[in-house]
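Colleague: This is the structure I want to talk about, given as structure tokens.
Only the coordinates and a few stated rules stand behind these numbers; no lab work does. What you see is a predicted model; the values in this text were computed from it and never measured.
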Amino acid sequence: MLWRRYLLIGLALSLAACAQPARVGQMIHHPTETQVASVPDNVKGGIELVDVIGGQETDPLSMSEVGNLEFREALCSSFDVYGLIGYGDDVPLAMTAHLIELE
């Protein structure tokens with residue numbers, strides 16, 4: 001019976017040590033009202049996020065990584081707070097974000 005208890009404890013510890021994907025909420029920039037108000041009207045709605053590349057999906061047995069989907073969501077949320085994200089065919093700037101390295 002004692003070996004079962006140790007087996008369950010070992011299993012619980014190994015599952016708790018699995019890497020989790022990056023949390024989008026921790027990557028979003030939260031500006032002050034002054035920063036948001038300082039964005040010129042002529043650039044609002046002027047960026048379309050076309051693609052995000054360079055991210056890596058998290059391997060549960062390895063280190064936590066930032067995937068393309070999580071990074072895209074964080075960028076869109078951060079830019080949207082400033083009113084920079086545009087939708088449709090008349091958006092003047094198309095942006096591709098390339099995640100090169102994390103520290």
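Colleague: Sort region 20-98 into rounded, prolate or oblate with this rule: let a ≥ b ≥ c be the square roots of the eigenvalues of the Cα gyration tensor; rounded if a/c is under 1.5, and if a/c is not under 1.5, prolate when a/b is larger than b/c, oblate otherwise.
Modeller: Values: a/c = 3.94, a/b = 1.71, b/c = 2.31.
In terms of gyration-tensor shape, oblate.
Colleague: GLY83's amide H: which non-local residues (gap 5+, or another chain) put their own amide H closer than 5 Å, with H modeled 1.01 Å from N in plane and none for Pro or chain starts?
Modeller: It is none; the list stays empty.
Colleague: Can you work out ³J(HN,Hα) from phi for every residue in region 34-39, in order, using Karplus 6.51 cos²θ - 1.76 cosθ + 1.60 and θ = phi - 60°, giving whole Hz and x for Gly and Pro?
Modeller: Per-residue couplings from phi come out as 5, 5, 5, 5, 7, 6 Hz.
Colleague: Taking H placed 1.01 Å from N in the peptide plane, check which residues at least 5 places from GLU48 or on another chain put their amide H under 5 Å from its amide H.
Modeller: Amide H neighbours of GLU48, under 5 Å, 5+ apart: GLY86, LEU93, ALA94, MET95.
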